[in-house]
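Down below is the structure, laid out as structure tokens.
The values are calculated or read from the model by the stated rules, or taken from the named source; none is laboratory data. Note that the structure is a prediction, hence the values are computed from the model and not measured. Don't worry about glycine lacking a Cβ; one is built from the backbone with ideal geometry, like all the others, and counts go over all protein chains shown. Accessible surface is based on the protein model in full, side chains and every heavy atom, while ligands, DNA and RNA are left aside. Shrake-Rupley method; radii C 1.70, N 1.55, O 1.52, S 1.80 Å.
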Amino acid sequence: MARGEFRPGGGGAGCGSGAGAVSGAENVENVKNVNSLKSVESVKNVGSMESVERTESVKSGKSLERVDSVESVGNGKNVEKVKREERAESGKSGKSVGNVKNVKSVESGKNVRNVRNVESVENVRTLPLLEEWFHGAVSLEHRQEGIKPWRIPYRDYDLYPPDGIGGKAEICSGIRLRLSTGSRTFVLWFEPLAEDASLDCVADGRLVQTLRLAAGSAEARFTGLPSGMKELEIYLPQNTGMTISGLAIDDDAVAEPLEDLRPRWVTYGSSITQCVAASSPSRTWPVIAAGEIGYHLTNLGFSGNCLMEPMAGRLIRDLPADLITLCVGVNIYGAASSSPRMFKPLLIGLLETIREKHTETPMVVISPIYGTERETEENPLGFTLPLMRREIADTVKLLQARGDRQLHYMDGLEWFGPADGELLTDGLHPGPEGYELLGSRFSSRLAAALRGEMLHQ
């Protein structure tokens, strides 16, 4: 796995002055089987090219008369002229780069490769690929292909076994791009998706468009956005990772990174916090709740994990936060990773690690939501969810008695209880309606926890 320079997410210096459909690789060596310039079957190694070295087998149906004056694509400065084909008739179409028309002034950028499915780019212009666009990431990795956001410090990947907390830290749950723009179009290019995914466009706090993308897609194009200057947030998928290689807006529009000055909220949890089954990435419960309580979200929900790993405590300790919530326990029950004997010591260690740097930050520990048969069936180590809730509540009381007045408890059953069980898809995970309910209820349950209410005890 390629590892680049460490940069913290959500700010810092930009990685280049522009990122578009074509940027700094090393040679355009082989253009094979160009049949109509409506479909280019194979474009290999596009990058800091001072010449197009070789064109092999240019077949044009009848004729591809001229492609003149490709001048100095060197280091992504610009394509000064690519004169259109004058009579390029569609012979036998190629495969993946479809309908590239009138590519004008591809502005400089770094390491953007493999742009696929770019349609009618003559009406948009590329934006510089800056770190300032990204919010909600823990770190941003600069790869040859673009910028990849992570929910752990990616240079410490090996310290989060297995595979970066089970391969889930590269998933983009809660990560978004923020900008102020008058553009009615917003385009993202990225490395092909590993699986089907959705992206959301939120304008001035309102969801205006969801794109459903198939595995292998490499472009997302939001069109018909509201006119006038607006605050845009583009939410990346909650079920897969992405490497962003380019951004674009209408060619007559401007865009600026949109700073998020709201207080920061870090939430830690399992798949119920990552929310793969939410209807789209802006409809996960943490995103809904963050909008209601007015916080800048960092989502550390890791499906199949949240086992109170020591490195998770160190990570939360080191992140900026004005509110910390931890929804713990359900995967410890499911994986039987801790016995009742060790559960409380592990939780104490997690909380005390976070307190090393967040001495006065409000911190809320949330016990598991309703879990059907897990309420009554013991796991191999003798745990049930009711026993786990008691251990969590007792731990919070113990630390409160030792003087921690900013530590609070939220009862998961008060947030999502037996009456809501029909919204679970498998007896454990909420479906889309369940996540909407969790998001809409969170504000009032959080307020009760901060007041010190401990129900179901």
Q: Mind putting together the pair-distance distribution for the stretch 367-429? All Cα pairs, 10 Å bins, whole percent per bin, short to long.
A: 22, 43, 26, 9, 0
Q. Using unit Cβ charges (K, R positive; D, E negative) and no other charged atoms, how large, in debye to the nearest 20, is the dipole of the stretch 230-363 about its Cα centre?
A. 940 debye
**Q.** Amide N proximity, the stretch 202-222 versus residue 229 label position 7 Å along Cα-to-Cβ, cut-off under 20 Å
**A.** 202-206
Q.
Quick check on packing: order 329-338, 420-429 by the mean number of other C-beta atoms within 10 Å, highest mean leading.
A. 329-338, 420-429
(Q) Under a crude label model (7 Å from the Cα following the beta-carbon direction), how far is residue 440 from residue 256 in nanometres? (A) 3.7 nm
Q | Fraction of alpha-carbon pairs over 16 Å apart in the stretch 130-211 - percent | A | 60 percent
Q) Restricting attention to the alpha-carbon atoms of the stretch 262-360, what are Rg (one decimal) and Dmax (integer), both in Å? A) 13.8, 40
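Kirkwood Rh over Cα pairs of the stretch 209-275 into Stokes-Einstein at 10 °C, 1.306 mPa s: D in µm²/s? Walk me through the numbers before you get to the answer.
Working: Rh = 15.4 Å.
Reported coefficient: 103 µm²/s.
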Q.
Over all directions, the average projected area of the alpha-carbon convex hull for the stretch 112-261 comes to how many nm²?
A. 8.7 nm²
Q. So what is the relative contact order of the stretch 310-391, in percent, for Cα pairs below 8 Å that sit 6 or more residues apart?
A. 44 percent
**Q.** q = 0.15, 0.19 Å⁻¹, the stretch 336-457: log10 I(q)/I(0) [Debye, one scatterer per Cα]
**A.** -0.75, -1.12
Q: Whenever you get a sec, line up 318, 204, 252 from highest to lowest accessible area (probe 1.4 Å, protein heavy atoms).
A: 252, 204, 318
Q. How would you order 219-227, 362-370 from highest to lowest mean count of nearby Cβ atoms within 10 Å?
A. 362-370, 219-227
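Compute and list, largest first, the equivalent-ellipsoid semi-axes of the stretch 270-426 from the alpha carbon gyration tensor, each √(5λ) rounded to a whole angstrom.
Values: eigenvalues 102, 90, 40 Å².
One finds semi-axes of 23, 21, 14 Å for the stretch 270-426.
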Q: Specify the inter-centroid distance of the stretch 190-252 and the stretch 341-387, based on alpha-carbon positions, in whole Å.
A: 36 Å
